[in-house]
Amino acid sequence: MPGDADATADTAIRNRLEGIFSQIEGLSTVDVSVHYGVVTLGGEVQEAQLASRARELAGSLDGVVAVNGRIMVETSLGERLEPVYDRLEDRAAQALSYLPLLLVAFVVCVIVIVFGLYLASRSWPWSRIAPNAFIADLLRQVVRIVFFVIGGVLALDILGATALLGTLLGAAGIVGLAVGFAVRDTVENYIASILLSIRQPFRPKDLVKIDAFEGFVISLTSRATILMEVDGNHIRIPNATVFKSAITNYTVNPQRRFTFQLGVSADSDLDLALKIGLETIAGQDFILDDPEADAWIEELGDSNVVLYFVGWIDQSSTNWAKARSEAMRLVKRALESNGFSLPEPIYRLRFDDDDLKSALSGFSGTEEKPVEPAPKKVREETGIPQNTDIDPSLQRRMERERRSRGRGDLLSETAPTEFESK
């Protein structure tokens with residue numbers, strides 16, 4: 001009969017649900033009643049999630065038409081904390097059972113890390129592989145990090161928690177990306193310092209010009225290049241700027257040229273003027289014979305002729321600025337001693353007759369005082385060669401600055417520079 005069939009089906013559903021609930025922790029206290037396919041759930045559970053799960057399970061059975069949820073959530077503090085205590089007890093027991101495995105994983109991780117630290121602390125082979133001490137230290141840091149990662153991976157694999165490794169690596173990647181954007185300038189300077197230490201476009205104490213800054217190189221750190229100007233000021237240039245800028249190294253080639261101009265009157269004997277100036281420059285001890293000094297006519301003006309003079313010095317023993325100054329002084333003196341005048345600018349002025357008489361009347365009654373010649377002692381001293389040697393105090397100051405920098409310098413005084421053949 002239809003009624004008996006429905007009752008049989010309702011009984012089967014109820015038995016099925018009661019059997020399912022008895023196998024799930026926290027649902028054994030749920031009461032089940034079924035009438036014409038409509039399931040009514042009652043009783044009390046300790047968490048709201050358990051009530052929702054009971055309704056889902058009931059609704060998933062065949063023959064269930066609807067589910068009425070009348071399950072109450074337990075509000076008693078003792079009853080609510082009981083499952084928490086049970087979970088903590090289970091996890092403590094699980095942790096105790098894992099202790100031998102944890103110990104093995106820890107020992108393996110420590111052995112791998114200690115071996116990596118020992119390998120990184122050795123001077124060989126890093127000193128042979130790396131072009132300088134800075135790169136060798138960087139390789140050692142990489143080796144340490146690699147062995148730390150290997151030790152962690154092996155430990156997680158022993159514990160069967162390799163899925164956790166993927167989560168950690170993903171989180172580390174996100175954090176690393178955020179940190180990379182935050183310290184982009186610092187990372188750029190650090191990478192530039194690595195490339196500069198490898199290429200080494202200058203040595204310590206080299207005279208260089210970087211962008212608009214000129215001075216002697218004191219040190220190259222992991223973040224900046226330190227220069228000292230001739231007047232003693234220090235300049236700190238970020239390595240990223242140094243790497244991207246045009247660099248002029250005045251010290252790589254010891255031979256350096258200086259130039260200057262002098263003007264003579266337009267009616268002068270230009271061949272003789274060039275000869276006198278060239279012989280004067282070439283006759284100085286600080287001037288190199290090879291390359292030779294040179295001179296030529298640079299410009300023809302309305303009232304003068306501009307002569308161009310060139311000389312070469314060895315800047316490892318001669319101060320470039322002093323040598324140029326001394327050459328200018330001696331050539332000017334030689335030309336004047338041989339009757340050549342160094343013309344001054346000529347201006348033509350026009351006056352009306354009345355203005356001219358008024359201007360001339362202002363000079364009436366004044367006597368022109370003759371210009372007294374310079375004392376003989378002064379005239380004789382103008383021919384004494386001036387000292388053009390390198391300032392030793394500047395060298396001592398650079399040495400003190402170098403010593404004060406300690407181990408942070410990435411430059412080597414013996415390594416070849418980028419301008420030289422390897």
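Looking across segment 119-136 at every residue that is among the aromatic types (Phe, Trp, Tyr) and touching a helix residue (DSSP H, G or I) at 6+ places or on another chain (Cβ under 7 Å), the one that is modelled with the lowest pLDDT is identified as Phe134. Scanning segment 242-286 for residues that are assigned to a helix (DSSP H, G or I), among the small types (Gly, Ala, Ser) and over 30 Å from Lys205 (Cα atoms) yields Ala273, Gly277. Of everything in segment 224-250 that is of a type in the set (S, T, N, Q) and more than 30 Å from Leu307 (Cβ to Cβ), the residue that is surrounded by the most Cβ atoms within 10 Å (Cβ to Cβ) is Thr225.
Look at segment 386-401: where a residue is basic (Lys, Arg) and a partner is surrounded by 11 or more Cβ atoms within 10 Å (Cβ to Cβ) and not in a helix (DSSP H, G or I), sitting 6+ places away or on another chain with Cβ atoms under 8 Å, you get Arg397/Met228.
Can we say Arg199 is more than 24 Å from Ser393 (Cβ to Cβ) and surrounded by fewer than 14 Cβ atoms within 10 Å (Cβ to Cβ)? The answer is yes for Arg199. Please go through segment 292-321 and pick out each residue that is more than 37 Å from the chain's Cα centre (by Cα) and either buried (at least 16 other Cβ atoms within 10 Å of the Cβ) or not assigned by TED's automatic domain parsing to the domain that holds Asp271 (or both). Of everything in segment 292-321, those that are more than 37 Å from the chain's Cα centre (by Cα) and either buried (at least 16 other Cβ atoms within 10 Å of the Cβ) or not assigned by TED's automatic domain parsing to the domain that holds Asp271 (or both) turn out to be Ala293, Asp294, Ala295, Asn304, Val305, Leu307, Tyr308, Phe309, Val310, Gly311, Trp312.
Please verify whether Val45 is at pLDDT 85 or above, buried (at least 17 other Cβ atoms within 10 Å of the Cβ) and not assigned by TED's automatic domain parsing to the domain that holds Tyr85, treating the condition exactly as stated. It is false that Val45 is at pLDDT 85 or above, buried (at least 17 other Cβ atoms within 10 Å of the Cβ) and not assigned by TED's automatic domain parsing to the domain that holds Tyr85.
The values are calculated or read from the model by the stated rules, or taken from the named source; none is laboratory data. None of these values were measured; they are calculated from a predicted model. With ideal geometry, Cβ positions are generated from the backbone for all residues, glycine too; neighbour counts draw on all protein chains shown.
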